[in-house]
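Each remark here refers to the structure printed beneath this line.
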Amino acid sequence: MDTANPRRRFAYAVWSVSADTRPGVPVGIFQIECMTCHAESPATDNDATPQQDWALTHTGRHPDHRGFKLTTETYWRVTPAADNPYAWREG
Ligand SMILES: [Zn+2]
């Protein structure tokens, strides 16, 4: 598999996959979890600064809780090439 090229041919139809940049789709949704007590921050779109602040505040209240897991959701979309039979369909 050619991992450097995100375009693949299936049944003679060309599709490509890339980040979903349509209006309203967040670049990322971020949430952070304390690895000691598993408390979670609120999730926010497009900015992980609130999670950093949340982790610092959480450690301030619980000085021995210092490990965190930041989860980032990103959205991807598969699109047909212009000559793909599905190119005219909205999906
Ligand atoms: Zn904690």
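Around Arg61, under 15 Å between beta carbons, what's the net of Lys plus Arg minus Asp minus Glu among the other residues?
Working: positive: Arg66; negative: Glu40, Asp53, Asp64.
Charge balance in the 15 Å sphere: -2.
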Spacing of the two label points (7 Å from each Cα toward its C-beta) at Glu90 and Asp20, in nm: 1.5 nm
Neighbour cut-off at most 11 other Cβ (10 Å), DSSP loop, chymotrypsin sites (Phe, Trp or Tyr not before Pro), region 20-91: Trp88
Additional length obtainable on full extension of the chain from Thr59 to Met35, 0.36 nm per residue less Cα span: 7.5 nm
0 to 90° range, to nearest 10: angle between helix 49-61 axis and the chain longest Cα axis: 30 degrees
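Arrange His58, His38, His65 by Cβ neighbour counts within 10 Å, fewest through most, would you? Don't skip to the answer; put the middle values down first.
Numbers: His58 20, His38 8, His65 16.
Result, fewest neighbours first: His38, His65, His58.
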Arg8-Thr74 FRET efficiency (beta carbon distance; Förster radius 22 Å; 0.05 resolution): 0.65
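The numbers here are math on the coordinates, done by the rules we state, and not lab data. No experiment lies behind these values; they were computed from the predicted model shown. Counting neighbours? That spans all protein chains shown, and the Cβs are built from the backbone with ideal geometry, glycine included.
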